[in-house]
Amino acid sequence: MSRYSTIKPSERLPDWLRSPIGNASELEAVQGVVKQQRLHTICEEGRCPNRGECYAAGTATFLLGGPICTRSCAFCQVEKGLAPVPFDPEEAERVAEAVHTLGLRYVVLTAVARDDLADHGASLFTSTMAAIRRRNPLVAIEVLTPDFWGGHRDLEEGQRAQRQRLAQVLTAEPVCFNHNLETVQRLQGEVRRGATYARSLGLLAAARELAPQIPTKSGLMLGLGESFEEVVQAMRDLRACDCQRLTLGQYLRPSLAHIPVARYWRPEEFEKLGAIAQDLGFAQVRSGPLVRSSYHAGDEAAPLVAGPDGPLCRGESTPAGAAPAGQS
């Protein structure tokens, strides 16, 4: 139960948000490997609407640090708790073995917020990247990290610690650094408890400064009560940090205990926002109702933008002075 539990859905799920489950045997193959290695994926923990499609393609986004998060964001399905599971020193090797067994070429690593750890989970990423590369150095690895903030009352001390944790991850040279802004500035306190708009933008700006050769990426959920103008302003703020890649997708309420959907944005609205994002200079944009941070992350095809004939259609944008978009 939560303070949202009595708020019933205001409208039915529209047709454009209904996705097929995928091939059952292919689903079971990926789920079997994940269960055998006693791992967690954000696909399952976050109840991603695309997990059927991604599993059928033999891909998954691995969730590091266990199944319990020290934050209590109002939108997230991942279990929350003040006493997360103890650090598992064998997790990195089990993830690497799963990647090897599944024959993955592009892997996304994310993690629950581990504010209880001294490095806030930075070593979870670096140890797992190292374990994967020992088996196959050609696997491309994208990271989707928490903000690495916490435990510091002094702002400057907190920024130094955040920067050190970030530098630790970037030194391992992921092919893309992803950190989600999640929502517009006005809704941060309600939606992202424990995180702030400024800290997230600061993390993305620091990533560009510390490792300019590594593309940065961020994502926004729509449908939490934001206005069109607020979304555009958030995109401008991301570009001011030189964030180069963007995902825009519809928020889907995991359960009645979570913050309700204010409204469902239509595919043509995602198309319009995607076009604006390209005009703002993002090198790669994926905008559509079912788009998520890791959706088609490893595609080498052209960037994706929402279209009038379906949730996604192909588009391309490489702003002047920017390198061509990479794999994710």
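Observations
- Close amide H pairs (under 5 Å, H built 1.01 Å from N) link Leu222 with Gly249, Gln250, Tyr251, residues at least 5 positions away or on another chain.
- Two-site FRET efficiency, Arg135 against Gln31, from Cβ-Cβ distance with R₀ of 25 Å, rounded to 0.05: 0.75
- If you take all other residues with their beta carbon under 10 Å from the beta carbon of Gln185, and give Lys and Arg +1 and Asp and Glu -1, the sum is -2.
- Here the simple spin-label model places points 7 Å from the Cα toward Cβ, and for Glu230 and Asp119 these points are separated by 3.7 nm.
- Efficiency of FRET from Cβ geometry, Arg239 and Arg3, R₀ 41 Å, rounded to 0.05: 0.70
- Under the Karplus curve 6.51 cos²θ - 1.76 cosθ + 1.60, θ = phi - 60°, whole-Hz ³J(HN,Hα) for region 274-286, x wherever Gly or Pro sits: x, 5, 5, 4, 5, 5, 6, x, 4, 6, 8, 10, 10
Bear in mind that the values in this text are calculations on the coordinates, not laboratory data. The structure presented is a predicted model; accordingly, all values stated were derived computationally and were not measured. Because the Cβ atoms are built from the backbone with ideal geometry, glycine has one as well, and the counts that use them run over all protein chains shown.
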